[in-house]
Structure formats: C-alpha cells, structure tokens
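For reference, the structure is listed below as structure tokens.
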Amino acid sequence: MAPMVESNEIPENAPASCPGPSSNDAGKLDGCAGCPNQKLCSSGELKSDVSPAEVKKQLSGVKNKILVLSGKGGVGKSTVTAEIARGLANLDFSVGVLDVDVCGPSLSRIMGVNGETVHKSSSGWSPVYTLDDIAVMSIDFLLSSEEDAVIWRGAKKNGMIKEFLCSVDWGDLDYLIIDTPPGTSDEHLAIVSLFKQSKVNGAVIVTTPQEVALSDVRKEISFCRKLKIPMIGLVENMASYTCTKCQTKSQIFPATSGGGAALAASENYSLLLFIAT
C-alpha cells in the first residue's frame, strides 16, 4: 500500500489513488496507468532531494514569507515585489527578495544590483545587498551574461529553487518576499511543496484592470485556495496613466468588468493598492 501524502503534493489532474510524485511508487502503480503525469513521475524528475524540514531549518531566521503572484504575465509582479520590499525596509524591517522567475528574471535590474555576482562560503551563497540593505537573490547573478537564455525543463528549474532556499545564507530577516513567474507552473508547485513545514504567511496577487488579465488572476486565486495559501490581498497595477505635460488622466486598460476592485469584492479580499503611472 502506498504511503499517505499531503494533498497539495498531488497534481490536480492525477487519479485519486496517486501516491504523490515524491513516492518511490510514483508512476509505477496500477492506478498510475493513463495518468498524464505517469512518464514524468516514473522518471524520478519530480522527486525532491531536498526535504521541507531542510528548508524550515535553513529559513529558521526568516519570520515572514510572502509570495507575489499573478496568473498573467506583464502585470508588474516584479515591480510590486520591489515596492513591497522597499516599503518594508523604509519601516526598518530587515528584508530579503528572492526571484524564482528562473527563465525571466528581472528583479536584479529593478533593485539596482544587476551585474553583481554572488559569493559562496561555508555558510552558503551570500545574497547581493542593495544600497538600502535589502538582500536580493536571482539566477541573474549566476549567468555569465544578462543576455543568456535559461532554457531548462521543470526539474532543473525546481532544482535551482531548492538551491535558493537551502543554499543561500539569508540570515535573520523580518520578511522574505518571493517574486514568481506568471501562471501556476512548476516553480509555484516547488515553492509550495518545499514550504510545507515552514509555511507561507500569505500571497499578494497582482493584476491590471482589463478582463483578459482578471480572467487569469481568478485562476491564480483558485490555485491559492486549492493549496491553502492565505491571501493578503490584491494590487491593481497600471490603473491609469496621467500625462506629464497636460495632466490628462487616461485608462490604458479599461476596467470593463469592474477591474481589481470588483474582483476583490467578489472574492471577499482586500484591494491593497491602485498603482497609477
């Protein structure tokens, strides 16, 4: 009989008898036949060599872990992540920022530390620090050039995230803000799986006002509910644009279905902020 596994480890499209991708029986049981994940599970690529207990130990000095999410790309997650980090730092909290958008990292540039490199010591990788003393870690620091493309399959991206969580010497932090890629992909599942014991304190979801973004954000909210990630609230970015010459205010992305305010109200969440440009 396969061992019991936590429900948030099991893929949504897996059969009810799924033993979980970390199980030694993954992809090998009779019940696995016909599952779309069978080949990947049986290959062992989804089996984690880093336990949630190790992550908990490594991050024992981090008081709060916040995810910044969105189902849609291009809504400004990284910008919002940077603003949250700077806002907390201005309140004299110790803050770290982790960029887990492995294939499209941008936080190093937004935080003003692009071109820097990380150093490894006996205690692990040392994050790069901004002028306002925010610790930053991104795959950008490990590439030979900012123009290098990261062309990795899910298992290798997950391995990099494990390294970020278990091999970076974050020290004592009040907040670790984690910037994620769009969607509900491997990176998100890896983060949630590895935080099983140390727990995520909450998620901030970023959207823009138009329905094409809101429809994907609803999926992200559903993802959070299924995996029991607490919601802190929504941020509506690019709510409006004010011309610097004539001061005319325009809506670049019309909120035809009510925008972030209507979505927050319908989901019973707080709308944390409107960001205008």
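The values are calculated or read from the model by the stated rules, or taken from the named source; none is laboratory data. None of the values given here were measured: they were computed from a predicted structure. All Cβ positions, even for glycine, are placed from backbone atoms using ideal geometry, and neighbour counts span all protein chains on display. Areas reflect the complete protein model, heavy atoms only, side chains present, ligands, DNA and RNA absent. Shrake-Rupley method; radii C 1.70, N 1.55, O 1.52, S 1.80 Å.
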Problem set entry | Charge dipole (debye, nearest 20) of the chain; +1 at Cβ of Lys and Arg, -1 at Cβ of Asp and Glu | 540
Seminar exercise, completed: Given (i) 18.1, 58; (ii) 21.8, 75; (iii) 19.7, 71 as possible values of Rg and Dmax of the Cα atoms in Å, the one from the coordinates is (iii)
For this session: Go ahead and run the numbers for FRET between Ser185 and Tyr129, Cβ-Cβ distance against an R0 of 45 Å, rounding to 0.05.
Result: 0.95
Exercise. With the contact rule set at Cα under 8 Å and sequence spacing of 6 or more, what percent relative contact order holds for the chain?
Worked result: 21
For this session: With springs only between Cα atoms under 10 Å apart, run a GNM on the chain and tell me which of Ser222, Ser94, Ser266 wobbles the most.
Result: Ser266
For this session: Scan the chain and report its longest stretch carrying no GluC sites (Glu not before Pro) that are both in a DSSP loop and have at most 14 other Cβ atoms within 10 Å.
Result: 13-145
Problem set entry | GNM result for the chain, Cα springs below 10 Å: residue of Thr184, Thr256, Thr130 fluctuating most strongly | Thr256
Problem set entry | FRET efficiency, 1/(1 + (r/R0)^6) with R0 41 Å, evaluated for Lys156 and Ala262 via beta carbons | 0.55
For this session: Would you mind computing, in nm to one decimal, how far apart the modelled labels at Asn90 and Ser60 are, each placed 7 Å from Cα along Cα→Cβ?
Result: 3.5
Exercise. Quick one: longest stretch of the chain between exposed loop chymotrypsin sites (Phe, Trp or Tyr not before Pro), exposed meaning at most 15 other C-beta atoms within 10 Å and loop per DSSP?
Worked result: 153-277
Exercise. Of Asp216, Asp99, Asp25, which is the most mobile in a GNM of the chain whose springs link Cα atoms less than 10 angstrom apart?
Worked result: Asp25
Seminar exercise, completed: With all protein chains present, region 100-178 has a carbon and sulfur share of its accessible area (1.4 Å probe) in percent of 45
For this session: Evaluate the relative contact order of region 184-277 (contact order divided by residue number), counting alpha-carbon pairs under 8 angstrom at least 6 apart; express in whole percent.
Result: 32
Problem set entry | Residues of the chain: accessible area per residue with a 1.4 Å probe, Å² | 50
Seminar exercise, completed: Per 10 angstrom bin, beginning at 0 and ending with the bin that holds the maximum distance, the Cα pairs of region 135-276 fall in percents of 9, 33, 30, 23, 5, 0
For this session: Give the carbon-plus-sulfur fraction of the accessible surface of region 202-277 in %, rounded to a whole number; probe 1.4 Å, heavy atoms of protein chains only.
Result: 59
Problem set entry | Cα-Cα over 24 Å, subset of Lys120/Lys156; Lys28/Lys72; Lys77/Lys199; Lys72/Lys245 | Lys28/Lys72; Lys72/Lys245
